[in-house]
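Trainee: Just passing along the structure, written as C-alpha cells.
The values are calculated or read from the model by the stated rules, or taken from the named source; none is laboratory data. Because the structure is predicted, anything quoted here is derived from the model rather than measured. Backbone-built Cβ (ideal geometry, glycine too); neighbour counts: all protein chains shown.
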Amino acid sequence: MNSIFDFGLMSLRSGWSAALRRGRRALGDESGNAMIEFALVVIAFVPILLGTVGMAQVLLDSIEVSNAARAGASWAMSNSTSSSLNAGITAAAQAEAADFGTSLSVVPTVYWACSTALAGTQYSTLSAATTACTGGTNHPVELIQVSTSATLQVPFHVSGLPSGIKLPSSITLTGSAVTETE
C-alpha cells in the first residue's frame, strides 16, 4: 500500500510541477502586454500633447497681438505729426501681427493728461487738459493708446464633458500700449 500511495503522491507532485511550469511560462510571455501598454500610453499621451500644442499656439498668438500694440505705439511716437496718424498706426500694428493681417483690430486713441498724474484723468482736448493741469511743473502731455484685438477660433473640441462645463468656440486676444508723443 505504501508504494501505491507513494506512486500517487509522485504523480500528483509531477502534475503540480508541470502546471506550475506552464503557469510561469504563461506569466513570462509579455507579447500582449506591450501592445496594451502602448495603447494606454497613446490614449493618455496624445490628448495631452494636442492640448499642450494648442495652448502654446494661443500663447504665441497672444504675444503677437500684444507686440502689435507696441509696434503701433512705437510708430505713433516717432510720427505723431503725421496727417495719417490712425492709418500709420494701424499699418504698423498689422505688419507686426502678419499672421492676423487685416483681421487684427487696431484702435488708436489720442488723449491728454497732466504730467503729474499720467495715469489719472484723460482729457479729449488740449484746451481741457491745459485748464486742468495747473501748478508749477504740471503741464498737459499728449498720449496715444493703441489697443489691439483678434478673435481666434479654437482648433479643437472636446466631447463628453459634463453638462455644466462648456468650452468656448473662440477666444479674443487683446493688447494695449501707451506712448507719449513728441
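Trainee: Of all residues in the range 110-142, which are assigned to a loop (DSSP other than H, G, I, E, B) and of a type in the set (A, V, I, L, M)? Steps first, please.
Mentor: So the first thing to find is which residues in the range 110-142 are assigned to a loop (DSSP other than H, G, I, E, B), and the list is 115-122, 124-125, 133-139.
Within the range 110-142, A117, L118, A119 meet the criteria.
Trainee: Looking at S170, S147, S176, which is the one that is touching a Ser or Thr at 6+ places or on another chain (Cβ under 6 Å), modelled with pLDDT under 90 and of a type in the set (S, T, Y)? Don't jump to the end; show me each part of the working.
Mentor: Details: S147 fails: modelled with pLDDT under 90; S176 fails: modelled with pLDDT under 90.
None of the others qualify; the one that does is S170.
Trainee: Let me ask something additional. Taking only pairs six or more apart or across chains, which ones have beta-carbon atoms under 7 Å, a first residue in the range 132-160 that is within 19 Å of S80 (Cα to Cα), and a second residue that is at pLDDT 85 or above and in a loop (DSSP other than H, G, I, E, B)?
Mentor: H139/S115; H139/C133; P140/C133; V141/S115; T148/L104
Trainee: List every residue pair whose Cβ atoms sit under 9 Å apart, with the two residues 6 or more apart in sequence or on different chains, where the first one lies in the range 93-117 and is closer than 14 Å to E180 by Cα and the second, anywhere, is modelled with pLDDT of 90 or more and among the polar types (S, T, N, Q).
Mentor: Short answer, once both residue conditions are applied: P108/T90; P108/Q145; P108/S147; T109/Q145; T109/S147; V110/Q145; Y111/Q145.
Trainee: I'm checking my understanding of the structure. Among residues of the range 77-93 that are over 16 Å from L104 (Cβ atoms) and of a type outside the set (S, T, Y), which one is surrounded by the fewest Cβ atoms within 10 Å (Cβ to Cβ)? Before the answer, list the steps.
Mentor: Residues of the range 77-93 over 16 Å from L104 (Cβ atoms): 77-85.
Add one more test, that the residue is of a type outside the set (S, T, Y), and what stays is 77, 79, 85.
Numbers: M77: 14, N79: 16, L85: 17.
Among those that are over 16 Å from L104 (Cβ atoms) and of a type outside the set (S, T, Y), it is M77.
Trainee: Which residue is surrounded by the most Cβ atoms within 10 Å (Cβ to Cβ), if the candidates are limited to the range 158-182 and must be under 30 Å from A69 (Cα atoms), of a type outside the set (S, T, Y) and within 19 Å of the chain's Cα centre (by Cα)?
Mentor: Just the residues of the range 158-182 that are under 30 Å from A69 (Cα atoms), to begin with: 167-182.
Now drop any that are not of a type outside the set (S, T, Y), which leaves 167-168, 171, 173, 175, 177-178, 180, 182.
Next cut, within 19 Å of the chain's Cα centre (by Cα) only: 167-168, 171, 173, 175.
On the way: L167: 9, P168: 9, I171: 13, L173: 21, G175: 26.
Within the range 158-182, the match that is surrounded by the most Cβ atoms within 10 Å (Cβ to Cβ) is G175.
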